[in-house]
Structure formats: C-alpha cells, structure tokens
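All remarks here apply to the structure that follows.
The values are calculated or read from the model by the stated rules, or taken from the named source; none is laboratory data. Since this is a predicted model, take the numbers as computed values, not measurements. Virtual Cβ from ideal backbone geometry, glycine too; neighbours counted across all protein chains shown. The accessibility values were calculated without ligands, DNA or RNA, using every heavy atom of the protein model including side chains. Shrake-Rupley method; radii C 1.70, N 1.55, O 1.52, S 1.80 Å.
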Amino acid sequence: MLNTRALSKGFGVEVEGVDLGNGLTDELFAEVEKAFYAAQVLVLRAQSLTPAQFVAFAKRLGPPQPHVIDQFHHLEDPNILILLWRITVLETSVCAAAAQTMAASFANGPF
C-alpha cells in the first residue's frame with residue numbers, strides 16, 4: 001500500500017517510500033498515478049534519477065509536452081524543463097517538470 005501525506009486540504013500529496021530509480025511495478029505505478037490525479041500535485045522527495053529515468057517515469061503518465069522556450073531545457077533531454085536550480089552549502093536540489101504538470105525534487109544534485 002502506498003504511503004502518502006497530504007500537502008494541503010484537497011490539493012497536493014507527498015508519496016513516501018517510493019524509489020523511482022528502481023522502477024515501479026505496474027501495480028505500484030497505478031497507485032502513484034491515482035494519487036497524482038486525485039491530488040493534482042505529486043511530490044516524491046530525495047529521488048536520484050538520470051534524465052532518462054525521469055522521462056521514462058513521466059511518459060507513463062502521458063506523452064511529453066516540451067516547453068516552447070528551449071533555454072531552460074535539460075541538456076540531456078528536452079522533455080525536461082528546469083524550473084529551479086538551487087545550490088547551498090548544505091544541500092543541492094533541482095526541481096524539474098516533465099511530461100504532464102508534475103514536480104519532483106532531487107536532493108542529490110542535478111540528475
């Protein structure tokens with residue numbers, strides 16, 4: 001069973017204990033997908049994914065819709081749009097969006 005935490009009343013959900021880097025069974029993906037569509041925003045923290053792994057997950061939700069402004073596309077895959085790149089002494093995190101309206105945070109650096 002999927003472990004989720006609401007981010008606010010009626011909008012947004014954090015999924016815990018899922019490692020996208022190891023791939024998801026069809027059953028687990030169906031649970032993640034259901035949570036995403038129900039909450040409209042899906043957060044999966046501390047994922048360590050290659051651009052290919054990130055896009056493969058996103059494509060399971062639907063066909064990519066690359067942004068028309070290409071200056072913020074990821075160098076390895078134009079299906080990934082870099083929304084924010086923040087580097088601090090204590091952490092490196094990258095927020096990106098791909099395919100559908102989805103967001104993910106990566107605690108271990110830029111892909």
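Do we have GLN53 as among the polar types (S, T, N, Q) and under 22 Å from LEU7 (Cα atoms) here?
Working: among the polar types (S, T, N, Q): yes; under 22 Å from LEU7 (Cα atoms): no.
The answer is no for GLN53.
Taking ALA35 as the residue in question, decide whether it is at pLDDT 85 or above and either in contact with an Asp or Glu (Cβ under 6 Å, 6 or more places away or on another chain) or part of a loop (DSSP other than H, G, I, E, B) (or both). Lay out the reasoning, then the answer.
Values: at pLDDT 85 or above: yes; either in contact with an Asp or Glu (Cβ under 6 Å, 6 or more places away or on another chain) or part of a loop (DSSP other than H, G, I, E, B) (or both): no.
No; evaluated as a whole, the condition is false for this residue.
So which of LEU28, LEU44 is modelled with pLDDT of 90 or more, of a type in the set (A, V, I, L, M) and touching a helix residue (DSSP H, G or I) at 6+ places or on another chain (Cβ under 8 Å)? Walk me through it before giving the result.
Working: LEU28 fails: touching a helix residue (DSSP H, G or I) at 6+ places or on another chain (Cβ under 8 Å).
Going through LEU28, LEU44 in turn, the sole match is LEU44.
How many residues, within the range 16-25, are closer than 15 Å to LEU61 by Cα, loosely packed, with under 12 Cβ neighbours inside 10 Å and either modelled with pLDDT of 90 or more or β-branched (Val, Ile, Thr) (or both)? Give the steps one after another, and end with the answer.
Here is the first cut: in the range 16-25, the ones closer than 15 Å to LEU61 by Cα are 20, 23-25.
Filter once more, so that each one left must be loosely packed, with under 12 Cβ neighbours inside 10 Å: 23, 25.
From what's left, either modelled with pLDDT of 90 or more or β-branched (Val, Ile, Thr) (or both): 25.
Residues flagged as closer than 15 Å to LEU61 by Cα, loosely packed, with under 12 Cβ neighbours inside 10 Å and either modelled with pLDDT of 90 or more or β-branched (Val, Ile, Thr) (or both) within the range 16-25 amount to 1.
Return the pairs, sorted by first residue and then second, in which the second residue is among the aromatic types (Phe, Trp, Tyr) and surrounded by 17 or more Cβ atoms within 10 Å (Cβ to Cβ), the first residue lies in the range 74-85 and is on the phi < 0 side of the Ramachandran plot, the beta carbons are less than 7 Å apart, and the residues are 6+ apart or on different chains.
ILE80/PHE54
Conditions first: (1) over 23 Å from PRO51 (Cα atoms); (2) in contact with a helix residue (DSSP H, G or I) (Cβ under 6 Å, 6 or more places away or on another chain). GLY10 passes all but one, so which condition is the exception?
(2)
Just one of VAL32, VAL68, VAL13, VAL55 is open to solvent by 50 Å² or more (accessible area, probe 1.4 Å) and among the aliphatic types (A, V, I, L, M); which is it? Break it down stepwise before answering.
Values: VAL32 fails: open to solvent by 50 Å² or more (accessible area, probe 1.4 Å); VAL13 fails: open to solvent by 50 Å² or more (accessible area, probe 1.4 Å); VAL55 fails: open to solvent by 50 Å² or more (accessible area, probe 1.4 Å).
Only one candidate passes the filter, namely VAL68.
With (1) modelled with pLDDT of 90 or more; (2) open to solvent by less than 30 Å² (accessible area, probe 1.4 Å) as the list, and VAL94 as the residue in question, which single condition is left unmet?
It fails just one condition, (1).
Give me the pairs, please: first residue somewhere in the range 51-63 and within 17 Å of ILE82 (Cβ to Cβ), second residue anywhere and loosely packed, with under 15 Cβ neighbours inside 10 Å, beta-carbon distance under 7 Å, and either six or more positions apart or on two chains.
As it stands, the answer is PRO51/GLU76; GLN53/GLY21, since those pairs meet every condition given.
Pick from PHE72, PHE54: which is modelled with pLDDT under 85 and among the aromatic types (Phe, Trp, Tyr)? First the steps, then the outcome.
Values: PHE54 fails: modelled with pLDDT under 85.
After applying the criteria, what remains is PHE72.
For SER8, indicate whether it is hydroxyl-bearing (Ser, Thr, Tyr), within 23 Å of ILE80 (Cα to Cα), open to solvent by 40 Å² or more (accessible area, probe 1.4 Å) and in a loop (DSSP other than H, G, I, E, B).
Working: hydroxyl-bearing (Ser, Thr, Tyr): yes; within 23 Å of ILE80 (Cα to Cα): no; open to solvent by 40 Å² or more (accessible area, probe 1.4 Å): yes; in a loop (DSSP other than H, G, I, E, B): yes.
Against the criterion (hydroxyl-bearing (Ser, Thr, Tyr), within 23 Å of ILE80 (Cα to Cα), open to solvent by 40 Å² or more (accessible area, probe 1.4 Å) and in a loop (DSSP other than H, G, I, E, B)), SER8 does not qualify.
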